[in-house]
Amino acid sequence: MNKQELKEKYGKKRVPHEWRKTDKISTLITTFFGSGMSPKAPGTMGSLAAAIVAYPLAMLSYAYPIVINDNAFNTKDANALESFAAIFLAVPKNFMIAALLVFFAAIPFVKKAMKDTGTEDPGWIVIDEVCGIFMTFAFIRPEWILNAPWILIIGFALFRFFDILKPLGIHKTEKLPGAWGVMADDLLGGIYAGLVLTIGLVLPAVFLM
């Protein structure tokens with residue numbers, strides 16, 4: 001036998017990855033530029049990639065904030081609950097808008113990718129994690145992230161906690177049909193993670209006012 005025949009007979013055959021069965025654009029989007037192609041912990045890798053992107057998004061949010069009521073942040077005479085609500089209203093909504101854009105824009109690509117590959121919520125689809133990470137940081141001011149980048153690590157850890165364990169009804173959203181179920185549980189997980197992160201960062205400051 002020659003070298004080529006030996007390779008064909010005894011060589012390790014390459015099994016094509018599932019994502020190869022769909023088109024390149026769907027693959028690029030659903031794997032978030034390949035981060036979901038990681039052979040180990042693709043969900044974690046996708047979340048980490050989104051957390052990294054969150055930093056320049058915070059810079060953009062700080063430079064060009066989309067705000068409902070910027071004056072609401074100045075509430076010296078308000079009680080704790082009113083101050084908390086006012087701070088939330090004053091937070092730029094860039095991250096929230098980004099999360100919702102990712103959510104709705106990704107639906108058709110996730111749907112097509114699962115249909116083409118014959119899978120249901122495969123691990124390499126991580127665009128849902130991106131949506132969840134963006135929603136995690138939707139409740140805090142972007143300058144907090146810029147001044148203390150370790151907040152990204154805490155937000156990332158909180159989101160992964162809710163994404164993996166899926167408490168407080170998160171697992172029920174997975175039962176939504178098709179791509180909606182894939183995306184919805186991470187969006188809800190991001191909301192829970194964002195609320196916990198916000199309470200942990202804001203509540204002490206509110207009581208010190």
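The values are calculated or read from the model by the stated rules, or taken from the named source; none is laboratory data. For clarity, every value in this text was computed on a predicted model and none was experimentally measured. Please note: Cβ atoms are built from the backbone with ideal geometry, for glycine as well, and neighbour counts cover all protein chains shown. For the accessible areas, the whole protein counts, side chains as well, though only heavy atoms, and no ligand, DNA or RNA atoms are used. Shrake-Rupley method; radii C 1.70, N 1.55, O 1.52, S 1.80 Å.
Using mean Cβ contacts within 10 Å as the protection proxy, how do 41-47, 57-63, 147-153, 125-131 order, highest first?
On the way: 41-47: 21.3, 57-63: 17.9, 147-153: 13.6, 125-131: 29.3.
Per-residue mean Cβ counts within 10 Å order the peptides as 125-131, 41-47, 57-63, 147-153.
Quick check on my link table: of Lys111/Lys166; Lys21/Lys166; Lys112/Lys175; Lys24/Lys111; Lys112/Lys172; Lys24/Lys115, which ones sit more than 26 Å apart, alpha carbon to alpha carbon? Intermediate results must be reported in sequence, preceding the final value.
Numbers: Lys111/Lys166 22 Å; Lys21/Lys166 29 Å; Lys112/Lys175 18 Å; Lys24/Lys111 14 Å; Lys112/Lys172 23 Å; Lys24/Lys115 14 Å.
Violating the 26 Å limit, Cα to Cα: Lys21/Lys166.
Determine the sum of side-chain charges near Met59: Lys and Arg each +1, Asp and Glu each -1, restricted to other residues whose C-beta is under 14 angstrom from that of Met59. Before the final figure, lay out each step's value.
On the way: positive: Arg141; negative: Glu143.
Local charge sum for Met59: 0.
Just check segment 130-209 against the gyration tensor rule for me: Cα atoms, a ≥ b ≥ c as the square roots of the eigenvalues, rounded for a/c under 1.5, and otherwise prolate or oblate depending on whether a/b exceeds b/c.
Judged from the Cα gyration tensor, segment 130-209 comes out prolate (a/c at least 1.5, a/b above b/c).
Once all Cα-Cα distances of segment 17-69 are split into 10 Å bins that start at 0, what whole-number percent is in each one?
Result, from short to long distances: 23, 36, 25, 14, 2 percent.
Please compute the per residue accessible area over segment 99-165 with all protein chains in place, 1.4 Å probe, rounded to a whole number of Å².
Values: 2810 Å² over 67 residues.
Ligands and nucleic acids excluded, the result is 42 Å² per residue.
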